[in-house]
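J.: Below is a structure I'd like to ask you about.
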Amino acid sequence: MKKKQLFRFSLQLTADQYLHVYRGTAKRVSVIANDGRRIEFPAQNIQKFLTHDGISGRFEMELTPENKFVAIRKIGA
């Protein structure tokens, strides 16, 4: 039985940077996970964390064993 995958990463996006998503010029976010792997995911997956200042904090993304998105949780400031 394969295990779910968890990726932890920090993200700092200003509101202006996230504005590219609304304009349609950016659709994906690319980050380096704490373990050194680059992960890329649809920007809409982090929209719920958007504030007037942008998106900032430490996050954990969960994937199925087949690399299907399950959830992103904020785990720290």
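J.: Of the GluC sites (Glu not before Pro) in the chain, which ones lie in a loop per DSSP and count no more than 11 other C-beta atoms within 10 Å?
T.: Details: sites: GLU40, GLU60, GLU62, GLU66; in loops: GLU66.
Those satisfying the criteria are GLU66.
J.: If you take semi-axes √(5λ) of the Cα gyration tensor in Å from the coordinates, which of (1) 17, 13, 12; (2) 21, 13, 11; (3) 23, 14, 11 do you get?
T.: Matching entry in (1) 17, 13, 12; (2) 21, 13, 11; (3) 23, 14, 11: (3).
J.: Under a Cβ-Cβ cut-off of 15 Å, what is the net charge of the residues other than ARG8 that fall near it, where Lys and Arg count +1 and Asp and Glu count -1?
T.: Working: positive: LYS4, ARG37, ARG38, ARG58, ARG73, LYS74; negative: ASP35, GLU60, GLU62.
Result for the neighbourhood of ARG8: +3.
J.: Just name one of VAL31, MET61, PHE9: the one whose Cα is farthest towards the positive end of the charge dipole of the chain (beta-carbon charges, Lys/Arg +1, Asp/Glu -1).
T.: Selected residue: MET61.
J.: What is the fewest-to-most order of PHE59, PHE41 by other Cβ atoms lying within 10 Å of their Cβ?
T.: Numbers: PHE59 20, PHE41 16.
Lowest count first: PHE41, PHE59.
J.: Shifting gears a bit: How long is the gain from ALA26 to ASN45 if the chain were fully straight, where each residue apart is worth 0.36 nm and the alpha carbon distance is subtracted?
T.: Using 0.36 nm per residue and subtracting the Cα-Cα distance, I get 5.5 nm.
None of the figures in this text is laboratory data; all of them are computed from the coordinates on show. Every value quoted in this text rests on a predicted model; they were computed, and no experiment measured them. Backbone-built Cβ (ideal geometry, glycine too); neighbour counts: all protein chains shown.
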